[in-house]
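**Q** The following block contains the structure, expressed as structure tokens.
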Amino acid sequence: MQIIPAIDILNGHVVRLRQGSFDEVTIYNADPLDQAKRWIDAGAEIIHVVDLDGAVTGQPMNIATVEAIARAVDVPVQVGGGIRSLETLERLYDAGVARTVLGTALVSDPDLVAAACERFPGIVAGIDARNGLVAIEGWKQGTTRTVSDVVAELTDMGVRRLIYTDISLDGMQTGPNLDAYRALVASTGVAIIASGGVSTIDDIRALTAIPGIEGVIAGRALYEGTLDLAQAVSVARRTEA
């Protein structure tokens, strides 16, 4: 299992939101590239970058920063936020990004998702949910689509990897929704990346015990120091062994 540190970019800064609220923002670093290098030095094997401005506006707003990170680090970079066209995907992959995360498009433009899966490697479906219902537009807009409804369509679209975020737990450091991940693993054959609620090394151990969980995205816990990246990577590696 991979431990994936998150770099969420808002107004050029590295931030974390609380339960997806843009009114509750904590700034951790003024330089996303510096933060990426810090995670690499701490043992990161892959980095998750989110353009929060792009997620809200519907078009990448920090793409130059994403490109700089992808060029500067020697580990895979996974990017999401505001990716809603094949042109944006092409620019990101040309910059050296390894994976791209489609979120809003899963609901608003499934044809784009299918075309992206056919044309590009490393397409990841990012499903963000509140009370079992999918949220889009940077978590600001709810839908009537259930997680199970959307997940059922993913395989037909060509998606082979899924990030699931329980918005109610994101940034809360209260532990991940283990039951939701067990249900996802049982209902789909795609690789699952957990996101939201991770707080301590015990949360990492609990997630490693669920077959089918490929990775864990960690944010606030790493920034606040309740979870040590090197220790988390070590635990995940021992589980694989």
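The values are calculated or read from the model by the stated rules, or taken from the named source; none is laboratory data. These figures come from a predicted structure and were not determined experimentally. Cβ: placed from backbone, ideal geometry, glycine included. Neighbour counts: every protein chain shown.
**Q** Being within 24 Å of D128 (Cα to Cα) and assigned to a helix (DSSP H, G or I) is the requirement here; does A70 meet it?
**A** So A70 fails the test.
Residue-by-condition table, conditions (1) out of contact with any Gly (no Cβ under 8 Å at 6 or more places or on another chain); (2) buried (at least 21 other Cβ atoms within 10 Å of the Cβ); (3) at pLDDT below 80:
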residue: V101; (1), (2), (3): no, yes, no
residue: S108; (1), (2), (3): yes, no, no
residue: G132; (1), (2), (3): yes, no, yes
residue: A135; (1), (2), (3): no, yes, yes
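**Q** Go through the range 85-99 and report how many residues are closer than 17 Å to G58 by Cα, of a type outside the set (S, T, Y) and surrounded by fewer than 18 Cβ atoms within 10 Å (Cβ to Cβ).
**A** Result for the range 85-99: 4.
**Q** Counting just the residues of the range 50-67 that are in a helix (DSSP H, G or I) and surrounded by 23 or more Cβ atoms within 10 Å (Cβ to Cβ), which one comes out modelled with the lowest pLDDT?
**A** Per the criteria, the residue is A55.
**Q** Of the residues A115, A36, which single one is small (G, A, S) and surrounded by fewer than 23 Cβ atoms within 10 Å (Cβ to Cβ)?
**A** Step by step, each of A115, A36 is checked, and only A115 is small (G, A, S) and surrounded by fewer than 23 Cβ atoms within 10 Å (Cβ to Cβ).
**Q** Within the bounds of the range 67-79, is there any residue that is small (G, A, S) and without any contact (Cβ under 8 Å) to a residue 12 or more places away in the chain?
**A** Looking through the range 67-79, none of the residues is small (G, A, S) and without any contact (Cβ under 8 Å) to a residue 12 or more places away in the chain.
**Q** I've got another one for you. Report yes if some residue within the range 18-26 is assigned to a strand (DSSP E or B) and aromatic (F, W, Y); otherwise report no.
**A** Yes: one or more hits.
**Q** Quick one: which residue in I9, I47 is surrounded by 21 or more Cβ atoms within 10 Å (Cβ to Cβ) and under 18 Å from I193 (Cβ atoms)?
**A** Being surrounded by 21 or more Cβ atoms within 10 Å (Cβ to Cβ) and under 18 Å from I193 (Cβ atoms) holds for just one of I9, I47, which is I47.
**Q** Out of the residues in the range 156-170 that are at pLDDT 80 or above and among the β-branched types (V, I, T), state the one that is surrounded by the fewest Cβ atoms within 10 Å (Cβ to Cβ).
**A** V159
**Q** Could you please let me know if A125 is crowded, with 21+ Cβ neighbours inside 10 Å, touching a helix residue (DSSP H, G or I) at 6+ places or on another chain (Cβ under 9 Å) and modelled with pLDDT of 85 or more?
**A** For A125, the condition - crowded, with 21+ Cβ neighbours inside 10 Å, touching a helix residue (DSSP H, G or I) at 6+ places or on another chain (Cβ under 9 Å) and modelled with pLDDT of 85 or more - is met.
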